[in-house]
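Shown next, in structure tokens, is the structure this report addresses.
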Amino acid sequence: MKELKIPLINNGTVIDHITSGNALKVLRILGIPENLSSTVSVAINVKSHLGNKDIVKVENRELETSEVDKIALIAPKATINIIRNYEVAEKHKVELPSEIIGIVNCSNPTCVSNYNEPVKSRFKVINKDPPQIICYYCEREPEDISERII
Ligand SMILES: [Zn+2]
């Protein structure tokens with residue numbers, strides 16, 4: 001079995017098994033390159049035994065839960081590897097929670113979550129892979145989830 005070896009980094013995060021072609025969306029979620037303070041490596045369309053995939057490696061940064069939830073929306077098969085001192089300290093698959101709050105904008109302009117009131121967007125997750133969500137308030141289902149991530 002051919003498996004890509006990810007070059008070792010001292011500390012940081014390796015996001016593996018990103019749906020092929022979605023690495024740039026993952027970078028956007030992470031605020032890269034605007035919010036850049038360390039080395040970032042991207043591999044696009046890498047062959048693996050599970051089909052082609054993208055890989056993103058961010059040095060000196062561990063992801064926050066909200067960032068992992070956003071990644072799960074566009075790359076539901078992704079795995080997050082936390083590297084500390086050259087070793088994989090934690091490895092887990094992304095998994096969408098049953099509700100996501102404040103990370104996707106509702107596509108319905110008259111939805112209460114789009115008023116200027118302090119109402120955070122709230123979606124029920126009805127399918128995890130491929131991700132499908134519906135608005136808690138107006139039941140609108142956004143078709144272009146990746147474009148609506150806040
Ligand atoms: Zn709505």
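The values are calculated or read from the model by the stated rules, or taken from the named source; none is laboratory data. Remember, predicted model here, so these are calculated numbers, not experimental data. With ideal geometry, Cβ positions are generated from the backbone for all residues, glycine too; neighbour counts draw on all protein chains shown.
Before moving on, here are some points about what is shown:
One line per residue, one yes/no per condition, for (1) assigned by TED's automatic domain parsing to the domain that holds ILE32; (2) surrounded by 15 or more Cβ atoms within 10 Å (Cβ to Cβ); (3) touching a residue at least 60 places away in the same chain (Cβ under 8 Å):
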residue	(1), (2), (3)
GLU64	yes, no, no
VAL68	yes, yes, no
ALA72	yes, yes, no
ILE82	yes, yes, yes
SER113	no, yes, no
ARG122	no, yes, no
ASP129	no, no, no
CYS135	no, yes, no
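- When each of ILE80, ILE74, ILE133 is tested for being away from the ligand (no atom under 16 Å from the Cβ), under 22 Å from GLY21 (Cα atoms) and either hydroxyl-bearing (Ser, Thr, Tyr) or modelled with pLDDT of 95 or more (or both), the lone residue that passes is ILE80.
- Residue within region 90-103 that is free of Cβ contacts under 8 Å to residues at least 12 places away in the same chain and more than 16 Å from the ligand (Cβ to nearest atom) present: yes
- Verdict on VAL14 being on the phi < 0 side of the Ramachandran plot, touching a Lys or Arg at 6+ places or on another chain (Cβ under 7 Å) and in a strand (DSSP E or B): yes
- Test: residue in region 112-124 that is basic (Lys, Arg), within 16 Å of the ligand (Cβ to nearest atom) and assigned to a strand (DSSP E or B): yes
- Filter pass, LYS70 being part of a loop (DSSP other than H, G, I, E, B) and either closer than 30 Å to ASN10 by Cα or touching a helix residue (DSSP H, G or I) at 6+ places or on another chain (Cβ under 6 Å) (or both): no
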